[in-house]
Each structure stands twice: as C-alpha cells, then as structure tokens.
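A.B. asks: Sending over a structure as structure tokens; questions will come in a sec.
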Amino acid sequence: MTLRDVESYSAMKLIQGQPQDETGMQDCSLIEEILQNRSLIIASNRGPISFQKDEQGQMESKRGGGGLVTALTGLANLTEAHWIACANTDEDRQWQRGPVSLDGSSNTVDVQFLAPQAAAYEGYYNGIANSLLWFLQHSMLDISRNPTIDRKTWQDWKDGYVAVNNLFAQRIAEQVRASRRPSLVMLQDYHLYLVPRLLRSLLPPRMDYTLMHFVHIPWPGSEDWGMLPPKMRLAILDGLLAADLVGFQTREDGLNFLRTCESFLPRAYVKFKYGRVWYRNHMTHVRDFPISIDVDSLRELADSAEVGAHRHSLLEEHTAQQLIVRVDRIDPSKNIVRGFRAFGELLEMHPEHLEKVQFLALLVPSRLNVELYQQYLAELMAAAGEVNVKYGNSEWEPIRILTGENYPRAVAALELYNVLVVNSLADGMNLVAKEGPLVNRREGVLILSERTGAFQQLEAGALMVPPLDIYATAEAMHQGLTMPEAERKEKAALLRSLVEGEDIVDWLCLQLEAIAHLGL
Ligand code: GDG
C-alpha cells in the first residue's frame, strides 16, 4: 500500500497552466474558500525579511529569497497573515513585530521576530538542528565517530531546542488566541518539531484551529531514527503527531515517517493505506507535497540586466568550449567533493575533454560555526586543488570555484551550463535541479542524484547518478558533454515543461486542498 492509494490523493493533482487571478495566485479553487474564514500563521526559523542599518545608519530591509515568501505574499492578499521567525540581526530584535509589505503593494504580512538568548539559539540551531538532525535526516551519521551525544548535546536539547520551540509555541498560541477567525498554522521544517505538541498544551482542546507541519528535508528510515536517544526521538514523533497534517517532499519520506511511528510508538495506530496515524486520541494525516520554484519571478530575474551583466562577465572569464556547472550551499549533503573527484575521473578516462571543458562551482558558505562544515570546506578546496594541479596548465584551470552569496550570478551560471551536476547524497527536493532547466540557454543536460526529491519528478529528462559512484558520475558527465543535439533538446524541453507545469503556488494549493478534502 502506498500513500498514492489515499482517497483524497486523487484530488491533489497538479494544477497546470491555469491563469493567475488578480491576487497573483493561480486559480486554485479552494484557496479562497479555505482562507476567507481563517487567519494564517506561518512559523519558520528564518523570517521572510530581515532588517539592518546601512552605512548612514538608516534602517533597510532585505527580503529573503525563495519561493515560500512569494507564495505567502499571494496568500496575504486573501487573508490576514502572520509570520513568526527568529531574529537574525540586532535590527530584527528591535523591530519585534509589525506589518511589512513583501511585494511593495499595500498588502502586508505581520512579521514577528522572536529573540532567544544567544546561547539558547546556538544550542537549538547549531547544536541540535544542524549538527544532529540535519546529519541524521540526510543519512550522514558517521556512527563510529560522529556524533557523540554528551552532556553538552543534552544541554543544547533542553536549553536550546526545547526552549526555542517553547518560545515559538507561546508566541503562536498568543496569535491564535488574538485572531478573530480560526487560525491555519503552517509550521516549517526540522527546527520546529516540538511546536505542535507544545501548542496543543497551551491552547484549550476545543479551540478551532488547524495545525500543519511541512518537513523540507528527507525523512529517513526507522534505522536512522533508532540512533537518536529515545527521549529525543519520542519528543519529535510525539511533537509532530499533534499536527493535523504532516507534509513531506516525497511519498517515500511520508512512508518512512509512518514506518518510524510504527517502529517506535507502540500506542500509535498507523494506517499506511490511508496515510494516517491515530495517537493520543488524535488523527494526523500524512501526505507528500513536492516543493517547486517561483517560475515567473525566476524568469523575470533571468531576463534582468543584472543577470545579463553576470552572464557577460562569466562568458568573458570562462572561455572553455563547454561548461559543467554546480550551484550549492557548502554542505556535505551536496556531495561536492565526490563531484570534483568525478571530474578528475572524467579527465583521466576521456582525455579528449582536457582544456575543452571547465567545471564552474558556485558555492555559498553555510553553517561555518559547525566544525564539520569547516572541515568540509577545506576538503573540497583540496579536492579541487588536486584536480587542478594534476591536469591544469597556465591557460586552463579545470575547476574554478566562486564562493559567496550572489543569487543573480548563480542564475547567470545556470543559464550557461552544458552540463549541470546535482549529485547530492540526500536532498529533500533540490531546487537548483528545477531552476537550471528553466533558465538554461544551451539545451544543457542535467545530471541528477537518485537520492534527491527532485529525481522523483525529473527522472525522465535527467541522467541519473548514484551519489557514491564517481565512476558513474564521470561517465554521466561524458555522456552529457557528448550527447547528440536532438537528444539534448528533447531532454531539455521535457525538463522545462515539467518544471513550468508545477509552480510554488501549486505547492501551497495542494496543501490547502488537502486541508479542505480532509475536512481539517
Ligand atoms: C532545503 C533542502 C529543499 C544559490 N546560490 C545562491 C542562492 N541559491 C539558491 C539556489 C536554490 C536555493 O538557494 C537552495 O535550495 P536547494 O533546494 O538547492 O537546497 P537547500 O538550501 O539545502 O534547501 C532542499 C529546499 O530546502 C526547499 O524545500 O529543496 O532539499 O535541503 O534556490 O538557487 N540563494 C542566495 N544566494 C546565492 O548565492 N540567496
């Protein structure tokens, strides 16, 4: 039995090619119906906007990237919307809360920042979420060495993760109580697993609100969750099972969640056929909602003068006949080191590519306060250096790494690839695999790890690689670089239509439709 057998699943089909209405939302029949009598509360670790002072001391705001912000902006036009997140800067802390227009229009979202103590935030964010849960959920535990759960970890858990989840729950509870209409609470990701249960304990049982949690990263099998001490594991499962609807990126993630509940919660009654769990007198529905990108705004950005200028300078600097490109946060889950080694293998096995191909890696620094991330950065630099020393010459640098945050430059590079490499060890979805085919101008080929959520949707147009296999990755690079034009065009067109057919707004529509169909 699979989640696809779920009765209501058939109602959750993709809404393709439908016109947008005046709110900017695609015509998603149930959105207005669901939202007209509810207020919306989104909670995530990062907010949709962040404030800081410029050199003259004037307050300026920086809108967060990503489709979630755009999609919410559409919803904010339909109902009262609140977004609760952790402060990122001193200015965010001073701001505390207030209405913000995310799209320059008169519609606003009430943005509220929580300001946990620095030590609590550190324990919650770096100690538990990024050092423990991220590694566990990407099946990257190196159990003979890492992690070790010690007194510090338990302190991070209690005074960090539990404490910050409590802060979120308290603020959300205040907001639910203050709203005149029943609230729809949409919690985001692995930072907030405990919030649903904490929230239930703070609000009266008869209060009318709907609680949904979306997990952006993979949910591995119960063997991985078995590595977590029972107290943490139970708190996480118990936390999530207080939600009405738990969403995952793929069907497999949802099934793994159901299996995990069955393995570790003897009192949970798990119905795989219907995708639901009955636990502590409450029903939690489990569904998959693959996330996508904001097709229109990415196209607009790709056509902008700013991206054009980056494209121009990339073309001037990179004169090799063909370009292999990757765009990633510097994260071990993205498997960057093996990607570089695979390129070395390619040059060894197919020397005809020497001096003709360049590997351009655009890498965004990430989580550098976590030691394993610093080590990974050093490792990938060394891996690229090895290839460059062995094969490069004064005219040709085989691997070129550009670090730093620069989204327009990343988009420009995506326009120029002949081959795009996404070889993640595990990835909830991987948005680069969707952005690349949409903006690419060279009918380029996508190499895609079978362990990304995106692979479930894009398999037909991509060259699949198993992420550990650098030999297969090197062969896929060769195949991509030498693919006949007709085949490349066909694959590129297929990928483009798959991505265009399924916008970020559809992702929200599917969730709201599920809420309506399930009567939540
Ligand atoms: C997590 C999950 C899931 C690239 N350079 C810059 C920049 N980017 C953009 C990319 C892409 C995004 O950042 C990264 O998204 P990914 O999906 O590739 O990966 P994660 O950051 O790990 O995201 C993932 C996602 O959540 C959504 O649910 O797909 O599986 O791990 O859009 O183009 N953004 C900015 N500056 C850059 O220089 N701001």
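The values are calculated or read from the model by the stated rules, or taken from the named source; none is laboratory data. Keep in mind it's a predicted model, so treat the numbers as computed, not measured. Heads up, the Cβs are rebuilt from the backbone with ideal geometry, glycines too, and the neighbour counts pull from every protein chain shown. Each accessible area value is taken on the protein alone, full model and side chains, heavy atoms only, with ligands, DNA and RNA left out. Shrake-Rupley method; radii C 1.70, N 1.55, O 1.52, S 1.80 Å.
A.B. asks: Looking at the structure I just gave you, is S263 touching a helix residue (DSSP H, G or I) at 6+ places or on another chain (Cβ under 7 Å) and within 16 Å of the ligand (Cβ to nearest atom)?
C.D. replies: no
A.B. asks: With the condition being open to solvent by 40 Å² or more (accessible area, probe 1.4 Å) and among the small types (G, A, S), I'd like the strands (runs of 3 or more DSSP E) fully within segment 41-106 carrying at least 1 qualifying residues.
C.D. replies: Result: 59-63.
A.B. asks: Please verify whether A163 is of a type outside the set (D, E, K, R) and open to solvent by less than 10 Å² (accessible area, probe 1.4 Å), treating the condition exactly as stated.
C.D. replies: No, not satisfied.
A.B. asks: Which of the numbered conditions does E502 fail, given that it passes all the others? Conditions: (1) within 16 Å of the ligand (Cβ to nearest atom); (2) charged (D, E, K, R); (3) modelled with pLDDT of 95 or more.
C.D. replies: (3)
A.B. asks: Restricting the search to segment 230-239, which residues are closer than 12 Å to F264 by Cβ and either touching a residue at least 40 places away in the same chain (Cβ under 8 Å) or open to solvent by 20 Å² or more (accessible area, probe 1.4 Å) (or both)?
C.D. replies: If the condition is that a residue be closer than 12 Å to F264 by Cβ and either touching a residue at least 40 places away in the same chain (Cβ under 8 Å) or open to solvent by 20 Å² or more (accessible area, probe 1.4 Å) (or both), then P230, K231, M232, R233, L234, A235, I236, D238 are the ones that fit.
A.B. asks: I need every pair where a residue in segment 500-517 that is in contact (Cβ under 8 Å) with a residue 60 or more places away in the chain has its Cβ under 6 Å from the Cβ of a residue that is of a type in the set (F, W, Y), sequence separation at least 6 or different chains.
C.D. replies: Going by the 6 Å Cβ cut-off, the qualifying pairs are W507/F289; L510/F289; Q511/F289.
A.B. asks: Confirm whether L346 is open to solvent by 50 Å² or more (accessible area, probe 1.4 Å) and away from the ligand (no atom under 16 Å from the Cβ).
C.D. replies: So L346 does not fit the description; no.
A.B. asks: Suppose we keep only residues that are in contact with a strand residue (DSSP E or B) (Cβ under 7 Å, 6 or more places away or on another chain) and part of a loop (DSSP other than H, G, I, E, B) within segment 107-119. Which one would you say is surrounded by the fewest Cβ atoms within 10 Å (Cβ to Cβ)?
C.D. replies: Across segment 107-119, the extreme among qualifying residues is T108.
A.B. asks: What is the residue count in segment 446-458 for residues that are part of a helix (DSSP H, G or I), within 11 Å of the ligand (Cβ to nearest atom) and touching a Leu at 6+ places or on another chain (Cβ under 9 Å)?
C.D. replies: The qualifying residues number 1.
A.B. asks: Only residues that are open to solvent by 40 Å² or more (accessible area, probe 1.4 Å), among the aromatic types (F, W, Y) and either within 25 Å of S222 (Cα to Cα) or at pLDDT below 95 (or both): list them for segment 120-155, please.
C.D. replies: Y125, W154
A.B. asks: Still on this structure, I have one more. Give me the residue from segment 414-445 that is of a type outside the set (G, A, S), in a helix (DSSP H, G or I) and near the ligand (Cβ under 8 Å from one of its atoms) and, out of that set, surrounded by the fewest Cβ atoms within 10 Å (Cβ to Cβ).
C.D. replies: E435
A.B. asks: Something else: Which residue pairs have Cβ atoms closer than 6 Å, lie 6 or more positions apart in sequence or on different chains, and pair a first residue in segment 317-338 that is within 11 Å of the ligand (Cβ to nearest atom) with a second residue that is in a loop (DSSP other than H, G, I, E, B) and among the small types (G, A, S)?
C.D. replies: From segment 317-338, the pairs are R329/S366; I330/S366; D331/S366; S333/S424; S333/A426; K334/S424.
A.B. asks: Further question: Give me the pairs, please: first residue somewhere in segment 443-472 and farther than 15 Å from E502 by Cβ, second residue anywhere and part of a strand (DSSP E or B) and open to solvent by 50 Å² or more (accessible area, probe 1.4 Å), beta-carbon distance under 9 Å, and either six or more positions apart or on two chains.
C.D. replies: I447/M464; L448/M464; S449/M464; E450/M464; A472/M464
A.B. asks: Go through segment 386-410 residue by residue and tally those that are of a type in the set (A, V, I, L, M), more than 22 Å from D469 (Cβ to Cβ) and more than 7 Å from the ligand (Cβ to nearest atom).
C.D. replies: Total satisfying the criteria: 3.
A.B. asks: So is R367 touching a residue at least 12 places away in the same chain (Cβ under 8 Å) and outside any strand (DSSP E or B) or not?
C.D. replies: yes
A.B. asks: Let me ask something else. Where residues in segment 286-332 are small (G, A, S) and over 20 Å from the mean Cα position of the chain (by Cα), which of them is surrounded by the most Cβ atoms within 10 Å (Cβ to Cβ)?
C.D. replies: Among those residues, the one meeting the criterion is A302.
A.B. asks: Which residues, counting only those in segment 204-221, are open to solvent by 10 Å² or more (accessible area, probe 1.4 Å), farther than 17 Å from E174 by Cβ and more than 20 Å from the chain's Cα centre (by Cα)?
C.D. replies: P205, R206
A.B. asks: On to the next question. Just a yes or no: is a residue in segment 461-481 open to solvent by 50 Å² or more (accessible area, probe 1.4 Å), part of a helix (DSSP H, G or I), in contact with a helix residue (DSSP H, G or I) (Cβ under 9 Å, 6 or more places away or on another chain) and polar (S, T, N, Q)?
C.D. replies: No, because not a single residue in segment 461-481 is open to solvent by 50 Å² or more (accessible area, probe 1.4 Å), part of a helix (DSSP H, G or I), in contact with a helix residue (DSSP H, G or I) (Cβ under 9 Å, 6 or more places away or on another chain) and polar (S, T, N, Q).
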